[in-house]
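Below is one structure, written out as structure tokens, with a few remarks after it.
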Amino acid sequence: MSPKKKRQLIMFNGVIVLINILLFSNAFLGFALFTGTALTISVAWMSILGSVFAFIRVNSLIFKKDETRLLTKGIQSLEDCISVFEEVIHNGDVFDENIQKNIEQIKRFRRKHETIKDILLQKFSADEMSFQKFNDVLHEVEKIIYLNVRSILNKISAFDIEEYEEMQRYEFKGDEFSQEKKDIYNEYIEFVNSATNTNEDILLKLDKMLLEISRYNSLEDGDIKKLPAIIEMDELIKNANLYK
């Protein structure tokens with residue numbers, strides 16, 4: 001059972017227990033099933049029957065609930081990605097550390113993006129070719145990070161955390177199918193690790209670009225294309241477009 005389902009069960013059943021303590025404890029309302037007024041006896045029986053019905057119904061729904069869903073459904077921006085990441089983190093599963101890293105990476109990218117644009121606008125006007133070149137690079141880099149994060153979310157969606165946790169708890173037979181299944185799960189984990197590291201590499205390249213921009217008071221379009229950071233970014237964009 002996944003940690004999310006465990007929390008749902010604990011919270012719901014805890015509420016049922018608290019309600020019945022409030023109703024039947026002498027320290028609170030002190031209702032009883034066979035003594036008291038007709039109204040209090042009716043309320044007591046309705047509470048018991050309602051609790052039993054709710055316990056059976058809701059617990060069965062939680063157990064049967066299919067937790068697999070497409071996390072990327074409806075997302076259109078990096079901010080949407082953060083919202084989804086924040087929704088699925090703290091489940092205590094294998095991806096939590098990388099999810100937190102991706103949230104921080106998106107926020108850092110936004111800060112760097114704004115800082116670079118502010119510095120560029122101090123050096124160039126918004127309609128200059130030099131500004132447009134840098135701005136185009138930033139736009140393409142944002143697309144790469146967005147697609148990268150979407151891929152991470154897709155992998156997390158497809159990952160069966162319950163089966164993986166069960167495999168971690170118990171020793172599976174060393175047959176071909178069990179080993180192949182382990183290898184598949186390891187590929188999911190390795191992909192998310194690699195994609196997260198790629199995001200970090202992109203942020204490092206942005207730092208280099210920011211440093212190079214701050215060194216110059218004026219740059220011609222030809223000079224911009226020769227900047228090492230721009231060359232690295234162009235190569236990154238070219239490779240990303242090849243593997244879309």
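Ile103 fulfils the conditions (1) surrounded by 14 or more Cβ atoms within 10 Å (Cβ to Cβ); (2) touching a Leu at 6+ places or on another chain (Cβ under 9 Å); (3) without any contact (Cβ under 8 Å) to a residue 24 or more places away in the chain except for a single criterion, (2). Inside the range 122-136, can you point out the residues that are farther than 21 Å from Pro228 by Cα and either part of a helix (DSSP H, G or I) or under 21 Å from the mean Cα position of the chain (by Cα) (or both)? Residue satisfying the conditions is Gln122 alone.
Of all residues in the range 188-244, those being modelled with pLDDT under 90 and of a type in the set (S, T, N, Q) number 5.
So for the range 98-118 (the condition being of a type outside the set (Val, Ile, Thr), outside any helix (DSSP H, G or I) and closer than 26 Å to Glu166 by Cα), does at least one residue qualify? Among the residues of the range 98-118, not one is of a type outside the set (Val, Ile, Thr), outside any helix (DSSP H, G or I) and closer than 26 Å to Glu166 by Cα, which makes the answer no. Restricting attention to the range 31-57, the residues that are without any contact (Cβ under 8 Å) to a residue 12 or more places away in the chain and under 23 Å from Asn13 (Cβ atoms) total 7. Screening the candidates Glu142, Glu97 for the property of being within 20 Å of Glu200 (Cα to Cα), loosely packed, with under 15 Cβ neighbours inside 10 Å and acidic (Asp, Glu) yields one hit, Glu97. Right, Ile62: in a helix (DSSP H, G or I), surrounded by 13 or more Cβ atoms within 10 Å (Cβ to Cβ) and at pLDDT 85 or above or not? Considered against the rule, which asks whether it is in a helix (DSSP H, G or I), surrounded by 13 or more Cβ atoms within 10 Å (Cβ to Cβ) and at pLDDT 85 or above, Ile62 comes out as no. Quick check on the range 185-198. Is at least one of its residues surrounded by 14 or more Cβ atoms within 10 Å (Cβ to Cβ), over 25 Å from Lys238 (Cα atoms) and in contact (Cβ under 8 Å) with a residue 40 or more places away in the chain? Looking for residues that are surrounded by 14 or more Cβ atoms within 10 Å (Cβ to Cβ), over 25 Å from Lys238 (Cα atoms) and in contact (Cβ under 8 Å) with a residue 40 or more places away in the chain, one finds at least one in the range 185-198, hence yes.
The values are calculated or read from the model by the stated rules, or taken from the named source; none is laboratory data. Bear in mind the structure is a predicted one, so any value in this text is a computation, not a measurement. Positions of Cβ are backbone-derived with ideal geometry, glycine not excepted, and every protein chain shown enters the neighbour counts.
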